[in-house]
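For reference, the structure is listed below as structure tokens.
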């Protein structure tokens with residue numbers, strides 16, 4: 001091979017190296033305790049964007065004591081490397097499912113520095129298998145949270161989640177705990193039968209419902225009754241030093257205007273009351 005050919009091939013090699021994507025650096029989880037996941041195209045894990053600590057204290061969640069105790073117990077087992085279960089928090093909206101997950105995480109993360117939380121968008125369920133594979137080799141322990149999960153995209157998303165939780169031939173990652181919140185226990189959209197034939201609809205429904213079986217721990221959040229709603233109002237008011245006449249009556253009027261009683265509605269009333277009284281709240 002003459003010198004001209006060698007130089008020509010060297011230029012081609014240099015051009016190909018410039019065109020090839022650079023190898024991505026391994027993610028660093030030193031910058032924060034909470035991260036938001038941005039999936040990439042293909043089979044790469046994507047990016048992890050640091051997020052600020054979640055500010056709501058766990059004891060501010062009132063009326064869900066049993067749910068708090070069960071979730072924290074399972075999370076603590078995971079944090080110390082004991083057997084634990086993936087968790088499905090299901091129930092009516094506004095009852096504190098997502099807040100409980102992040103508030104409990106902050107409590108345990110203060111005790112176990114290697115504990116991290118990664119939040120994934122519900123529309124990116126298909127990105128979970130490469131994400132789990134990327135986290136598998138890390139020294140940290142990860143809570144992966146998907147808020148308001150349901151399979152609007154049907155069986156494809158359900159299969160991706162099952163693949164992530166089961167882990168294929170390698171098995172599920174020992175250092176990943178998956179937590180999902182949903183308004184529906186079986187995760188299916190209400191209109192999943194539309195535009196499908198009877199057989200396809202039945203098969204997709206079976207595929208989607210079988211995913212909920214992969215969660216070893218189901219924690220239900222029932223509707224909040226009036227006594228619990230008022231207890232939440234009184235607890236918030238005492239915590240933040242909000243004093244006003246006819247607190248219960250005003251809180252009930254607020255819930256009637258909203259057409260619901262829940263922890264979210266209670267806290268929204270407290271925010272409105274704090275603004276009226278000129279009191280700043282932590283969240």
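Each reported figure results from applying straightforward, stated rules to the coordinates on display, with no laboratory input. What you are looking at is a predicted structure, and each value in this text was computed from that prediction instead of being measured. All Cβ positions, even for glycine, are placed from backbone atoms using ideal geometry, and neighbour counts span all protein chains on display.
Sorted fewest first by neighbouring Cβ atoms within 10 angstrom, 262, 163 come out as 163, 262.
Using a simple spin-label model with pseudo-atoms 7 Å out from Cα toward Cβ, residue 30 and residue 170 lie 2.4 nm apart. How large is log10 of I(q)/I(0) for segment 226-277 at q = 0.13, 0.18, 0.28 Å⁻¹ when the intensity is taken from the Debye formula with one equal scatterer per alpha-carbon? Log-scaled intensity ratios, in q order: -0.23, -0.46, -1.19.
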